[in-house]
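K.L.:
The structure under discussion is supplied below as structure tokens; questions concerning it will follow.
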Amino acid sequence: MGGPALLEVEDLAVAARSRRGDLEIVHGVGLQLGPGETVAVVGETGSGKSLTMLALMRLLSPPLGITRGRVTFDGRDLTALPERDMRELRGSQMAMVYQDPMTSLNPLMRIGAQVAEAMTAHGVAKSEAQRRSLELLARVEIPDPERTARSYPHEFSGGMRQRAVIAIALAMRPKLLIADEPTTALDVTIQQQILALVNELRRELGMATIWVTHDLGVVARLVDRVVVMYAGHVVENAPVDQLFHAPQHPYTRSLLAALPNPADDSRPALVQIPGRPPLPTDVVEGCPFRPRCDQAREACRVRPTLQPRSAGSAACWVPPAEWRP
Amino acid sequence: MLEAIDLVKEYPVRGSDRVVNALNGVSLTVGPGETLGVVGESGCGKSTLAKLLVRLEEPTSGRVMLDGVELTALTGRRLRERRRRIQMVFQDPYSSLNPRQTAGRTLDEVLTVHHLSGDARGRSRRVSELLDMVGLPPRFAERYPHEMSGGQRQRIGIARALAVEPQVLLLDEPVSALDVSVRAEIMNLLVRLRGELGLSYLFISHDVAMVRHLSDRVAVMYLGRVVEVGPWSEVLDRPRHPYTRALRDAVPVPDPRITGPIEATVTGEVPDPARPPSGCPFHPRCPLAEDVCRTVEPRLLDLAPGHAAACHVAARTAGQSGPVAT
């Protein structure tokens, strides 16, 4: 990567705050992203992946809040930035696309006007914004932009809505795009079209991208690095090739083994991970994955920190060479 | 054993006299102990098919047969008696379970309604047995849906379906709402139960990888039609229909060593079922489309033993125009 990071997240913690005290949900996450780099943040329900993203965009709403840590974006500490500056940054320098496009679309406003508004809100002249909105709609492969610009979101299919949201997100050519499960609700052929489109636009704009997903398969060919989260912790952070072919954390290995192998005609039983992830209210002594881990031993009663492992890092005391088969 | 014959389902379009053909003449069979995977994207008619098979809805035309008896012709008690043998498992167990009832109560109620397992003590014994079958300890009888994980709730959903001793389970996206690690345990449970109880499955899913994992035969649906059907390895590993190929190739491969840009294998979206294209319903998106595809709808033809596809180009390549497959 080299050079200064575009985004640096250090020891970021998120908690649900109440008069009776804080309930911590994200426990000190670290993440680094160079300009133009693509990273996947992978985890199951409750892993804290989406909360971490909302926190670094400063989009948490009470009772959720950042309780600790720093987020440095393009040299500025976002946790200390006044809300006005933050609003200016969001949508121009950093943009987010969600699973449900209706989260980002105004149902009462024409699509073209919404794309244009993404630019006028950041100081682009109205006529210029209108002209560019048509270009953007064409760029995200929405057919007949002149006509479709006058449509309302409800007249669009799910795939077309997500394309419109991407046009809005990219209108100001942001340096960072966070794509939070943008294709999870879409059909697989449409998912493939959207992944191909975003990947192409990312290259074109030299944009750094964070893909947030529960599906390792989706990101295998999209990213440089993968960050695996479990129960509010980063458990592994590795180059994508190493992560898939030599996972350094037993949780990562189990996640990969739980997927059916499309090349195996004998269709063996899928590898199960017994139990379920802890809730934020559960108290787990030591490693949060210990109760479900097939490699757990005495040492794991102490919570592991991220250890350097090959070209990445893993929060596990036991290196793969010492794993039981 | 379970047979759908030329099922058609039309829904009226609100505010007009037009109709939408949700199902356009679908014929399928599921043999004893067999798993038929039905795969397709939104709007392909797979959920409508499930509703017709359990008679949650009535077909516009066509028949559903179970063990040679026409379900679609039965009414009243005889229908209830027969229909019991086909049970449905839904995608989201949270919305299909009563939040104010314990799992034990839910199961007990099913047994009571169907006059099964005798008195309260008999039913209670049966509830424990059902929980055991789906891998849950007896104490789960006391739990409410919100006290269970997604996987545990889906186990209860399966136990409820098994309570009436069905022959066929209609599994409608049973693992789609679950996390990857939980998905594996439900898939393994389904494989085990199928072996232990000799059940037949109709496994409806949009997930090609899961269909590949569980099915003996696979039917691919597109816009209310079966466009390809055959043994799982033939259909998914050597597809004849260009849509099956596109669908399979759209599944992301979990291997970063495959290089090169990600490219869409099929362009455009599924057409509006209220305005289906002329000829082959897939022709506007098909890379192989020819003139004939724009005007003549292809019939489902046997291209190899037990392997049929509805494609003019595939039929010509196979060099035959055999009899209509069932």
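K.L.:
Is at least one residue of the stretch B:267-284 exposed (fewer than 14 other Cβ atoms within 10 Å of the Cβ), away from chain A (no Cβ under 13 Å) and in contact (Cβ under 8 Å) with a residue 12 or more places away in the chain?
P.N.:
yes
K.L.:
Still on this model: Test B:SER47 against the stated conditions and say whether it is over 30 Å from B:GLU142 (Cα atoms), in contact (Cβ under 8 Å) with a residue 12 or more places away in the chain and under 14 Å from the mean Cα position of the chain (by Cα).
P.N.:
So B:SER47 fits the description; yes.
K.L.:
Looking at A:ALA263, A:ALA314, which is the one that is within 25 Å of A:ALA40 (Cα to Cα) and surrounded by 13 or more Cβ atoms within 10 Å (Cβ to Cβ)?
P.N.:
On inspection, the qualifying residue turns out to be A:ALA314.
K.L.:
Here's something else I'd like to know. Taking into account only those residues within the stretch A:229-238 that are assigned to a strand (DSSP E or B) and within 14 Å of chain B (Cβ to nearest Cβ), which is nearest to A:PRO277 (Cα to Cα)?
P.N.:
A:TYR230
Results for (1) farther than 30 Å from B:VAL270 by Cβ; (2) touching a residue at least 40 places away in the same chain (Cβ under 8 Å), shown as yes or no for each residue.
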position	(1), (2)
A:ASP77	yes, no
A:ARG150	no, yes
A:MET160	no, no
A:ALA164	no, yes
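K.L.:
Scan the stretch B:271-285 for residues that are out of contact with any helix residue (DSSP H, G or I) (no Cβ under 7 Å at 6 or more places or on another chain) and farther than 17 Å from B:VAL13 by Cβ and report the count.
P.N.:
3
K.L.:
Sticking with this structure for a sec: Take the stretch A:49-78 and flag every residue that is in a loop (DSSP other than H, G, I, E, B), under 15 Å from A:GLU10 (Cα atoms) and not basic (Lys, Arg).
P.N.:
If the condition is that a residue be in a loop (DSSP other than H, G, I, E, B), under 15 Å from A:GLU10 (Cα atoms) and not basic (Lys, Arg), then A:MET57, A:ASP74, A:GLY75 are the ones that fit.
K.L.:
For the stretch B:211-242, enumerate the residues that are away from chain A (no Cβ under 11 Å), assigned to a loop (DSSP other than H, G, I, E, B) and under 14 Å from B:LYS46 (Cβ atoms).
P.N.:
The answer is B:LEU223, B:GLY224.
K.L.:
Can you tell me which residues in the stretch B:243-260 are more than 7 Å from chain A (Cβ to nearest Cβ) and assigned to a loop (DSSP other than H, G, I, E, B)?
P.N.:
Across the stretch B:243-260, the qualifying residues are B:THR259, B:GLY260.
K.L.:
For the stretch A:267-276, which residues satisfy the criterion of being within 7 Å of chain B (Cβ to nearest Cβ), more than 14 Å from B:ASP179 (Cα to Cα) and of a type outside the set (Gly, Ala, Ser)?
P.N.:
Passing the criteria: only A:ARG267.
K.L.:
Pairs needed: first member in the stretch A:239-266, more than 8 Å from every other protein chain (Cβ to nearest Cβ); second member anywhere, surrounded by fewer than 16 Cβ atoms within 10 Å (Cβ to Cβ); C-beta distance under 6 Å; at least 6 residues apart or different chains.
P.N.:
Hits for this filter: A:PRO239/A:ALA311; A:GLN242/A:SER310; A:GLN242/A:ALA311.
K.L.:
If I filter the stretch B:285-310 down to residues being more than 14 Å from chain A (Cβ to nearest Cβ) and charged (D, E, K, R), which single residue comes out as farthest from A:ARG203 (Cα to Cα)?
P.N.:
Within the stretch B:285-310, the match that is farthest from A:ARG203 (Cα to Cα) is B:ASP302.
K.L.:
Given the criterion in contact with a His (Cβ under 8 Å, 6 or more places away or on another chain), part of a loop (DSSP other than H, G, I, E, B) and either surrounded by 20 or more Cβ atoms within 10 Å (Cβ to Cβ) or of a type outside the set (D, E, K, R) (or both), identify the matching residue among A:PRO325, A:PRO274, A:PRO288.
P.N.:
So the residue among A:PRO325, A:PRO274, A:PRO288 that is in contact with a His (Cβ under 8 Å, 6 or more places away or on another chain), part of a loop (DSSP other than H, G, I, E, B) and either surrounded by 20 or more Cβ atoms within 10 Å (Cβ to Cβ) or of a type outside the set (D, E, K, R) (or both) is A:PRO288.
K.L.:
Looking only at the stretch B:149-172, which residues are away from chain A (no Cβ under 13 Å) and either among the small types (Gly, Ala, Ser) or assigned to a loop (DSSP other than H, G, I, E, B) (or both)?
P.N.:
Within the stretch B:149-172, B:GLY157, B:ALA159, B:ALA161, B:ALA163, B:VAL164, B:GLU165, B:PRO166, B:GLN167 qualify.
K.L.:
Conditions: (1) away from chain B (no Cβ under 14 Å); (2) assigned to a strand (DSSP E or B); (3) over 21 Å from B:ASP179 (Cβ atoms). A:ILE210 meets all but one. Number of the miss?
P.N.:
Status for A:ILE210: all satisfied but (3).
K.L.:
Still on this model: Take B:ARG63 and tell me if it is within 22 Å of B:VAL220 (Cα to Cα), in contact with a helix residue (DSSP H, G or I) (Cβ under 7 Å, 6 or more places away or on another chain) and of a type in the set (Lys, Arg).
P.N.:
It is true that B:ARG63 is within 22 Å of B:VAL220 (Cα to Cα), in contact with a helix residue (DSSP H, G or I) (Cβ under 7 Å, 6 or more places away or on another chain) and of a type in the set (Lys, Arg).
K.L.:
Can you name every residue in the stretch A:185-205 that is more than 8 Å from chain B (Cβ to nearest Cβ) and assigned to a loop (DSSP other than H, G, I, E, B)?
P.N.:
Correct list: A:ALA185, A:LEU186.
K.L.:
Within the stretch B:232-262, take every residue that is in contact with a strand residue (DSSP E or B) (Cβ under 8 Å, 6 or more places away or on another chain) and of a type in the set (Val, Ile, Thr) and give me the one that is farthest from B:SER215 (Cα to Cα).
P.N.:
Applying the filter and picking the extreme gives B:THR244.
K.L.:
Something else now. Whether any residue in the stretch A:177-187 is crowded, with 16+ Cβ neighbours inside 10 Å and on the phi > 0 side of the Ramachandran plot is what I want to check.
P.N.:
yes
K.L.:
Looking for something of a type in the set (S, T, N, Q), more than 9 Å from every other protein chain (Cβ to nearest Cβ) and not in a strand (DSSP E or B) - is there at least one such residue anywhere in the stretch B:187-210?
P.N.:
no
K.L.:
How many residues does the stretch B:71-106 hold that are over 23 Å from B:PHE203 (Cα atoms), assigned to a helix (DSSP H, G or I) and in contact (Cβ under 8 Å) with a residue 40 or more places away in the chain?
P.N.:
So the answer is 2.
None of the figures in this text is laboratory data; all of them are computed from the coordinates on show. Predicted model, so just to flag it, every value in this text is computed and none were measured. Ideal geometry is used to build each Cβ from the backbone, glycine not excepted, and the neighbour counts take in all protein chains shown.
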